[in-house]
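The values are calculated or read from the model by the stated rules, or taken from the named source; none is laboratory data. In this text the structure is predicted, and so the values were computed from the model without any measurement. Neighbour counts run over all protein chains shown; Cβ positions are idealised from the backbone, glycine included.
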Amino acid sequence: MRTMQTIFALLRRELTLAMRRRGDVLTVLFFFVIVASLFPLGVGPDTQLLRLMGGGVVWVSALLAAMLSLGRLFANDYADGTLEQLVLTPTPPVIWITGKILAHWMVSGVPLILVAPVLGIQFGLSNEALGVLIFSLLLGTPVLSLIGAIGAALTLGLRGGGVLVSLLVLPLYIPVLIFGAGAVDGAMSGMGAEAHLSLLGGILILAFMLTPWAVSAALRISIE
Amino acid sequence: MLEGKDLACVRGERTLFSHLNFTLHEGELLLVQGVNGSGKTSLLRMVCGLLAPEFGDILWRGKKIGAARESYHAEMAYFGHAPAVKEDLTAFENLDFSCRLAGVALDREEVEGALGHLGLGHCLNLPAKSLSQGQRRRVALARMLLIKAKLWILDEPLTALDQAALQLVQSLIGEHLQRGGMALLTTHQPVVIPGVEPRFLQLTP
């Protein structure tokens, strides 16, 4: 009961903060749209080619956009002392860490999922592939927030932490990219996306259960 | 009762203090003293549980604080260097959220009352970025009042406060001690609390 109250209070606080700082949310969203839109300019207007790469391009852009938003996850709270106070609450760290990651996903992951269909249409994805793209992002973007949180917690308070996060986290994003883009590919080629999507779901469950513990350990080190 | 047994703190290569012992009973005030860099903040962070001691144990009601973390943190409140005030939230929202996160749900009047008590009644709904440093620290102090902890750990609570606020904070600490609370604090200013004979803890390498 108390646990739910804490998570609820944390979510409300994080969402209020995001509403007050809409610029941060929009930056990530525009970054996503711009990166994805650069590819057609680079490779030329060959419709067949663009249709083939569409899923992969949207997924790579989502990965980069998710990276961009990681800096906000703990850094502000660390700087103004809120993180210390969170550590000192009687709530177990894993609970509020899960709450923070959930809030981060709602603010940085969900907008990407909402915009992705528009980008998919730009690339000429079929209706079925569009559906699979959205569903794969729905399963995959929470994993990006969960894994990214470990990197954000480890690099807290370090100089040049932003670049370090990319080096730490991007390799760990590879499985999500492979199965996410693979699902869209499967739908395009008629091979079916179920296998990729189930693996993505498996990764999500695993990440949801394990990463908060890793983040908790990383935060303890960073705060000392 | 809070007890520190044979504590040592090492930062980098330097030993800040070692063989440090102290006890703190209900209604007592312990003033930690020492020059800059003598490890006052480190000691306070250690007592909070933010920093693991290099050596020694900290006991709360006879149990190590690491082992009884949840029950300890439910009875403890820490006031650190950073006031933990979010610039984009109003003073009221800041206090309301920080109490809720500490597991204390309050109604509007109580939160407003605490802010009023600390002289912030007129800026309840101002975003914290328009508050001064001293006012932000007052918001953090209001939090100490509301979460009703037994043990107050205060790191330099008197800096950046005006004369009236200095008096107020000292009387708040006095009231807290009278209720049977305990306080551990560092300060470079003289602390005068009527009816309270503070004990001193000198930090030396």
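I need the full set of residues from the stretch A:24-61 which are among the β-branched types (Val, Ile, Thr), without any contact (Cβ under 8 Å) to a residue 60 or more places away in the chain and crowded, with 18+ Cβ neighbours inside 10 Å, in order please. Within the stretch A:24-61, just A:Val35 meets the criteria. When the stretch A:18-58 is filtered for residues that are under 23 Å from A:Leu177 (Cα atoms) and within 14 Å of chain B (Cβ to nearest Cβ), only A:Val25 remains.
If you go through the stretch B:32-55 and pick out every residue that is surrounded by fewer than 17 Cβ atoms within 10 Å (Cβ to Cβ), away from every other protein chain (no Cβ under 14 Å) and in contact with a Leu (Cβ under 9 Å, 6 or more places away or on another chain), you end up with 4. Flag: A:Gly120 matches the condition of being assigned to a helix (DSSP H, G or I) and surrounded by 23 or more Cβ atoms within 10 Å (Cβ to Cβ). In the set A:Asn127, A:Asn76, only one residue is under 30 Å from A:Met191 (Cβ atoms) and either of a type in the set (A, V, I, L, M) or at pLDDT below 95 (or both); that residue is A:Asn127. Does A:Ile95 fit the bill of being more than 23 Å from A:Gly71 (Cβ to Cβ), more than 14 Å from chain B (Cβ to nearest Cβ) and assigned to a helix (DSSP H, G or I)? No; evaluated as a whole, the condition is false for this residue. Of the helices (runs of 4 or more DSSP H) entirely within the stretch B:60-167, none holds at least 2 residues that are in contact with a His (Cβ under 6 Å, 6 or more places away or on another chain).
Restricting B:Leu177, B:Leu154, B:Leu124 to those that are in contact with a Phe, Trp or Tyr (Cβ under 7 Å, 6 or more places away or on another chain), under 16 Å from B:Met76 (Cα atoms) and surrounded by 15 or more Cβ atoms within 10 Å (Cβ to Cβ) reduces the list to B:Leu154. Would you confirm whether any residue within the stretch A:59-73 is at pLDDT 90 or above, out of contact with any helix residue (DSSP H, G or I) (no Cβ under 8 Å at 6 or more places or on another chain) and small (Gly, Ala, Ser)? The answer is no, given that none of the residues of the stretch A:59-73 is at pLDDT 90 or above, out of contact with any helix residue (DSSP H, G or I) (no Cβ under 8 Å at 6 or more places or on another chain) and small (Gly, Ala, Ser).
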